[in-house]
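Below: one structure, written as structure tokens.
The values are calculated or read from the model by the stated rules, or taken from the named source; none is laboratory data. Worth saying up front: this structure is predicted, and the values here are computed from it rather than measured. Here Cβ is always computed from backbone atoms with ideal geometry, including for glycine, and neighbour counts include all displayed protein chains. Only protein heavy atoms, including side chains, enter the accessible area calculation; ligands, DNA and RNA are left aside. Shrake-Rupley method; radii C 1.70, N 1.55, O 1.52, S 1.80 Å.
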Amino acid sequence: TIGTSIDLVDGYPNQTFQLLKGAGLKMSSLQIIAKNGWTADDLKNGLANADKKSAYQIVTILIGVNNQFNSKPVNEFKKDLDKLLIKINNLKKKNGSVLIISIPDWGSSPFGLGFDRNEISNEINTFNNSLKSFANNNGLDYVDVTEISRRAINEPNLIAVDNLHPSGIMYLEWAKKIFQVWID
């Protein structure tokens, strides 16, 4: 989720980029390769066809919510992550960093009201456990933004006008957590 129903500058990639630049990290540009709606398999294919600028100092990966939403098996997701590993590592500079971001819980949004929210949360937890294991097993950083997304059930300002995707306010909270990974 890179910023559906909000201005691009309010998405977590841009807000994180601005926080890192503000802290003095030398970063010249930001490139968003992924598209909203992608599954892990779509990301794998998208990376193969992307017009990449060069190797990147920082790479963030947020994938899996559409796997869960489309009832794809978690075992298939794990296999897709393993296939993505080489492509992910090829994106970063030798001393670069890769950050895996947990999947937000869309069941906590107003859109999730018509679904079994407990089932969604349990499935999101299962997918996130796979992401965390993937990150740990491959020496990648991991940040959990899921709990922030779950606050949206009581904090409507965390959701964009489409009643599903995060608002710029939620993305700022994500950006601050992501920022801490590289500053601490």
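How many angstrom lie between the Cα centre of segment 5-72 and the Cα centre of segment 130-184?
Cα centroid of segment 5-72 versus Cα centroid of segment 130-184: 13 Å apart.
Can you list the chymotrypsin sites (Phe, Trp or Tyr not before Pro) in segment 75-184 that are in a DSSP coil and have 14 or fewer other beta carbons within 10 angstrom?
Numbers: sites: Phe77, Trp106, Phe111, Phe115, Phe127, Phe134, Tyr142, Tyr171, Trp174, Phe179, Trp182; in loops: Phe115.
Those that pass, being in a loop and sparsely packed, are Phe115.
Starting from the Cα-Cα distance between Lys93 and Asn45, subtract it from 0.36 nm times their residue separation and give me the gain in nm to one decimal. Intermediate results must be reported in sequence, preceding the final value.
On the way: separation 48, 0.36 × 48 = 17.28 nm, distance 2.08 nm.
Full-extension gain reported as 15.2 nm.
Give the Rg/Rh ratio for segment 1-104, taking Rg as the radius of gyration of the Cα atoms and Rh as the Kirkwood radius, to two decimals.
On the way: Rg = 14.1 Å, Rh = 14.6 Å.
With Rg and the Kirkwood Rh in hand, the quotient comes to 0.96.
Nearest 5 percent is fine: what portion of the DSSP beta bridges confined to the chain is antiparallel? Intermediate values should be presented prior to the final figure.
Numbers: 1 of 9 bridges.
Given both bridge residues lie in the chain, the antiparallel proportion sits at roughly 10 percent.
Hey, in the GNM for the chain with a 10 angstrom Cα cutoff, which one of Asn122, Asn95, Asn75 fluctuates hardest?
Looking only at Asn122, Asn95, Asn75, the largest GNM fluctuation is found for Asn95.
Among the helices of the chain (complete DSSP H runs), which have Cα atoms covering no less than 18 Å along the helix axis and a Kyte-Doolittle mean of at least 0.5?
On the way: long enough: 74-91 (25 Å, -0.30); 117-137 (29 Å, -1.09); 168-183 (22 Å, 0.61).
Membrane-span-like by this criterion, though nothing is claimed about a membrane: 168-183.
Carbon and sulfur together cover what percent of the accessible area of segment 1-158 at a 1.4 Å probe radius? Can you show the working numbers first?
Values: 3840 of 8190 Å².
That share works out to 47 percent.
Efficiency by 1/(1 + (r/R0)^6): what FRET value for Trp182 and Leu113, r their Cβ-Cβ distance, R0 = 25 Å, to the nearest 0.05?
FRET efficiency, Trp182 to Leu113: 0.10.
Compare Ser108, Ser167, Ser28 in a GNM of the chain, Cα atoms joined below 10 Å, and give the one with the largest fluctuation.
Residue with maximal mean-square fluctuation among Ser108, Ser167, Ser28: Ser28.
Can you flag which of Lys21/Lys78; Lys21/Lys72; Lys53/Lys177; Lys72/Lys93 are past 29 Å Cα-Cα?
Values: Lys21/Lys78 33 Å; Lys21/Lys72 37 Å; Lys53/Lys177 26 Å; Lys72/Lys93 32 Å.
Result: Lys21/Lys78; Lys21/Lys72; Lys72/Lys93 exceed 29 Å.
How far, in nm, would the chain grow between Lys21 and Asp82 when pulled straight, counting 0.36 nm per residue and subtracting the alpha carbon separation? Working shown, then result.
Details: separation 61, 0.36 × 61 = 21.96 nm, distance 3.13 nm.
Gain on extension, Lys21 to Asp82, equals 18.8 nm.
With a/c under 1.5 counting as rounded, go ahead and sort segment 94-184 into rounded, prolate or oblate using the C-alpha gyration tensor (a ≥ b ≥ c being the square roots of the eigenvalues; past the cut-off, prolate if a/b is larger than b/c, else oblate). Before the final figure, lay out each step's value.
Working: a/c = 3.11, a/b = 1.51, b/c = 2.06.
Oblate is the answer for segment 94-184, as a/c is 1.5 or above yet b/c matches or exceeds a/b.
Within segment 101-127, find all residues whose amide N lies under 19 Å from a label point positioned 7 Å from the Cα of Ile169 along Cα-to-beta-carbon.
Residues passing the 19 Å test: 104-113.
Using the C-alpha atoms of the chain, what convex hull volume per residue, in cubic angstrom, is computed?
On the way: hull volume 20.6 nm³, N = 184.
Dividing the Cα hull volume of the chain by its residue count gives 112 Å³.
What are the trypsin sites (Lys or Arg not before Pro) within segment 35-102 that DSSP puts in a loop, where the Cβ has at most 15 other Cβ atoms within 10 Å?
Hits after loop and neighbour filter: Lys35, Lys52, Lys53.
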